[in-house]
1. Calculate the spin-label point distance for Q169 paired with D110, positioning each point 7 Å from the Cα along the beta-carbon direction, and give it in nanometres.
2. I'd like the trypsin sites (Lys or Arg not before Pro) in the stretch 199-233 restricted to DSSP loop residues with at most 12 other Cβ atoms within 10 Å, sorted by number.
3. Show me the helices of the chain, taken as full DSSP H stretches, that run 27 Å or more along their long axis by Cα and average 0.5 or above in Kyte-Doolittle hydropathy.
4. If you take the Cα atoms of the stretch 271-331, find Rg, then find the Kirkwood Rh from the mean of 1/r over all pairs, what is Rg/Rh?
5. I want to verify the translational diffusion coefficient of the chain in µm²/s; compute it with Stokes-Einstein, Rh as the Kirkwood radius over Cα pairs, at 25 °C and 0.890 mPa s.
6. Pull out a ≥ b ≥ c, the square roots of the eigenvalues of the alpha-carbon gyration tensor of the stretch 223-377, then state rounded if a/c is under 1.5, prolate if not and a/b is larger than b/c, and oblate in the remaining case.
7. Provide the gained length on full extension for the span N154 to T361, in nm with one decimal, where the gain is 0.36 nm per separating residue minus the Cα-Cα distance.
8. Report the gain in length on full extension from E377 to E103: 0.36 nm times residue separation, minus Cα-Cα distance, nm rounded to one decimal.
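Computed from the coordinates by the stated procedures, all read-outs in this text should not be read as laboratory data. Fair warning: this is a prediction, and the values are worked out from it, not measured in the lab. Note that we place each Cβ from the backbone using ideal geometry, even for glycine, and neighbour counts take in every protein chain shown.
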Amino acid sequence: MQTKEIIKSILLALLVLSSVILTVMIWNFSPDLTDADSTDQSNSTKAIGPRFNHDFDEIITPLQMVHVENSTIKGSPATSRVNQFLSLLSEEHITKVEDIQNEQVILLRDLSDNLLILDYPTDIPLSVYLNDVFDISVKVPDRFMFDRLVLDLNDRQEVIIYALQSDRQRAIKLTTSINANDMMQRLKSLNQDLQPYTDIITDRTAINKATYLYAPKEPKDIKSYRTIFNSINVEDLNAILFDDTPIVRTANSGNMTYNNNTGVVSYDIEKQTYDYTNLSEDDLSTRNMTISIPRTIDFINKHGGFTDDFRLFQANHKKGEITYQMFQDGRPIFYSNQLNQIRTIWGERGLFEYSRGLLKTNVTIDNGEKDLEGAEEVRAALANNNEIDFTQVEHMIVGYKMKTKKGPESAQDVQNSSQFIPVWFIQYQNQWYEYQDGELIET
């Protein structure tokens, strides 16, 4: 009997001791929330595309690159290889900045016979291009905009870059640390990508090699493509823009409207287009492109909005509107509605308007090749058209027309049977048109 009492006492003591130990462990327990934090962060990240940033040099690119050496002219659309070549600029610095102004045109009499010309589809702030694209820190005139860079590759000097204003009345001359011979050696690696180009005189501002219009001489073997798209989920975009606040939905004749006290969205179900307006932002958009372009790129990047090869295509500082357009093989894609575009307006404090198509490329396959008529034939036809003022032609390029089997109205048709067909496109009086038999057709 005494032995049983001793055993009970020992067991009771063990139980008390265990209880004390467990209590202390509970008081001092700190759970490992690493995985939980990671999972929660992943789930809370709202995105409609791959969660990685597109660099500025992928979004702000030339429309074409043209090498003019004596009487030989070769060029290429801005393919990934061309853009990689231009990354050489990020390895160097600017040693001198000069402001050149002229009442009529920029003469640039000191140019050599070896030039590299980069044409851009819109006016770009020089400070944004140098600082954000190439990480070159240099003071340039405030809000100076350019649409062409001319690189002088004279082998007796370092490379000099001229940033030309669109009216050709002003240029910024940048003396660089780039060795011209080094750039020529790198340029040779692109020889197989360069095709014959030709120079075209449009008006009195085209007076020399730095100011001529350039276009592919005889576009041949241009690839066409067939593409299948996926749809972007409307609810995903709503979650990004409305920030999970209550939303009212209204359906009306094929359109869906979403709104709350901060914003309103118009969703065209048939055309698969999405238009958002921020009601908490006033309608005075920021006209300063040095602010708007970086901020809109950052905003689109944050939710994976660059779902395809989108590039800066138009920066309208009068309206504050910025358009990013879809590209294929370095060539812009044109379509009759905004399925191929992302349009943004930045307000005083944040995003004011955001519009885009709701399709993203799933599969793209080769669909044969096509030859186009030469640049001289296109020039002559436009010059002989009495309804066209040829002096107002700003670009002549080969781009892609997005075509559907049954027409552009049905989103289902677009997804199932879309083609990218190479066609001449003309920028005329600041607008882009498809060229057809001497006529300009609205895109």
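1. The answer from the label model is 2.4 nm.
2. Working: sites: R204, K209, K217, K220, K223, R226; in loops: R204, K209, K217, K220.
For trypsin sites (Lys or Arg not before Pro) across the stretch 199-233 that sit outside H, G, I, E and B with at most 12 neighbouring Cβ atoms in 10 Å, the list reads R204.
3. Numbers: long enough: 2-28 (40 Å, 1.43).
TM-like helix candidates: 2-28.
4. Working: Rg = 12.8 Å, Rh = 13.1 Å.
We get a ratio of 0.98 for the stretch 271-331.
5. Values: Rh = 24.9 Å.
D = 99 µm²/s.
6. Numbers: a/c = 2.27, a/b = 1.44, b/c = 1.57.
Judged from the Cα gyration tensor, the stretch 223-377 comes out oblate (a/c at least 1.5, b/c at or above a/b).
7. Working: separation 207, 0.36 × 207 = 74.52 nm, distance 4.28 nm.
The span from N154 to T361 would gain 70.2 nm if fully extended.
8. On the way: separation 274, 0.36 × 274 = 98.64 nm, distance 3.33 nm.
Length gained between E377 and E103: 95.3 nm.
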